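What follows is a short report on a single structure.
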Amino acid sequence: MMYLDNSATTKPYPEVLQVYQQVSERYFGNPSSLHQLGIDASRLLNETRKQMLHYTGLKQYEIIFTSGATEANNIAIKGAALAKMNRGKHIVTTEIEHPSVIESFEQLKALFGFDITYIQVNEHGHADMTHLKEVLRPDTVLVSMMHVNNETGAIQPIEEAAGIIREHAENALFHVDGVQGMCKVALNKQLDVDLLTMSGHKIHGLKGTGALFLKKDVTLAPFITGGEQELGLRSGTENPAGAVSLAKAMKQSFEQLDKYHNEMLNLKTQLQKQLGEIEGIVMNTPRAQSAPHIVNFSVPGIQIEVLLHMLEKEGIYVSTTSACSAKKKEPSRVLLAMGKPEEVAKSSMRISLTYGQGPELTPQIITSIAQSVKKLKGMR
Ligand code: PMP
């Protein structure tokens, strides 16, 4: 099997499963309990937070454990906007965000009357920083921009955005959806971001684990209320085994990235070059400023699911668009935002890699795709 759908989800490391079981058995106490079992579980959680701050180098942050990035994005975006709404109701994001970001924004608009501006992207899928500068206002209270786009792999100019936001929107908090960049694309440790979100199952951790990194001086309005766990921002009994498994996945993924970054990048570069040369294929992933693990291309004129299943028969697992949108069968919103024709946006395929997959896989992938496309296009 050649699993090339690592942006949809990854296989957990065996050590992650092991540590989840060990912690579940040994630290089963409720971290809020006053007896020793509770104290031990609570200490373990706090140790785990420290470890994750150490691995990422984000020392000036707090960590809120969540069930994944969808929940972390909701807590960050709604919490920030609602905490700041006395300063203004203008919120800004890009046209190419994940639905958990866009839908949070749209809900703020529908329920509370926030005014949303969507930043355009250029033909390569990078957010337009001139547009960002133009739209920021004194009443802008939140800007949200992803680090790496989940469909195309385009790396967004988050450092430049942070500078622009600090200069032109003094009341705005800056949120970065870090899901697809975490442990794949280096994050500047000095990056001036208020809120950063991540997901465990994209880095060989477990589904149902994730985190929000919250800068120490930032206040959010809580909307998951109850027992006030996780700084009062995510009530509900904590999941120490999930948290420890997340830290384990993160540690191992950073180590794997050090070891395999170049190999993964070589495979991606080879695939991008050789796929782009196949007749009938249009490349969507940009050449510059793109992550080492995502290649997105389209085959206009064919039903892309058919190609997906032909590849599956050969043991090659890929995605059409992103996993969340795949079942909707709508043209890719991201590709449309890049100005691609509907035929291209309807027929995209994503290959997403992980550590240890190197350029030696190129010939098999290219041959399988080239032959299948030829068949589907009726070419000889
Ligand atoms: N943001 C991005 C960019 C993603 O790719 C995903 C996962 N598809 C999410 C958020 C949501 O993550 P989760 O599956 O952990 O809710």
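The values are calculated or read from the model by the stated rules, or taken from the named source; none is laboratory data. Predicted, not measured: the structure shown is a model, and the values here were computed from it. So basically every Cβ, Gly included, is an ideal-geometry build from the backbone, and we count neighbours across all protein chains shown. Quick note on the areas: whole protein, heavy atoms, side chains included, nothing else; ligands and nucleic acids left out. Shrake-Rupley method; radii C 1.70, N 1.55, O 1.52, S 1.80 Å.
When all alpha-carbon pairs of the chain are counted, what percent fall beyond 29 Å?
Above the 29 Å cut-off, the chain has 43 percent of its Cα pairs.
Per residue, how much accessible surface does the chain expose to a 1.4 Å probe? Answer in Å², no decimals.
Each residue of the chain exposes 43 Å² on average to a 1.4 Å probe.
Angle between the Cα long axis of helix 99-112 and the longest principal axis of the chain, 0 to 90 degrees, nearest 10?
50
Please give the charge dipole size of region 17-155, origin at the Cα centre, charges +1 on K and R Cβ atoms and -1 on D and E Cβ atoms. Round to the nearest 20 debye.
That gives a dipole near 620 debye.
Give me the distance in nm between label points sitting 7 Å out from Cα along the Cα-to-Cβ direction at Ala110 and Ala288, one decimal.
Result for the modelled spin labels: 4.0 nm.
For region 14-251, with only Lys/Arg (+1) and Asp/Glu (-1) charged at the beta-carbon, what is the dipole magnitude about the Cα centre, in debye rounded to 20?
Dipole about the Cα centre, nearest 20: 660 debye.
I'd like the orientation of helix 240-276 relative to the chain: the angle between its Cα long axis and the longest Cα principal axis, in ° from 0 to 90, rounded to 10.
20
So how tilted is helix 69-84 from the main axis of the chain? Cα-based, degrees 0 to 90, rounded to 10.
Roughly 50 degrees, rounded to the nearest 10.
Describe numerically, in nm with one decimal, the distance between label points set 7 Å from Cα along Cα→Cβ at Gln22 and at Met2.
My value for the distance between the label points is 3.6 nm.
So how exposed is Asp177, as accessible area in Å² (1.4 Å probe, rounded to 10)?
10
Could you check how much of the accessible area of region 188-256 is carbon and sulfur, as a whole percent, using a 1.4 Å probe?
In region 188-256, the share of accessible area belonging to carbon and sulfur is 48 percent.
For the chain, with the dipole built from +1 on Lys and Arg beta-carbon atoms and -1 on Asp and Glu ones, taken about the Cα centre, which of Leu82, Ala186, Pro359 lies farthest toward the positive end?
Positive-end residue among those listed: Pro359.
Specify whether the C-alpha gyration tensor of region 85-240 places it in the rounded, prolate or oblate class, a ≥ b ≥ c being the square roots of the eigenvalues: rounded for a/c under 1.5, otherwise prolate if a/b is larger than b/c and oblate if not.
oblate
Of the listed peptides 117-124, 307-314, what is their order by residue-averaged count of other C-beta atoms within 10 Å, with the highest listed first?
117-124, 307-314
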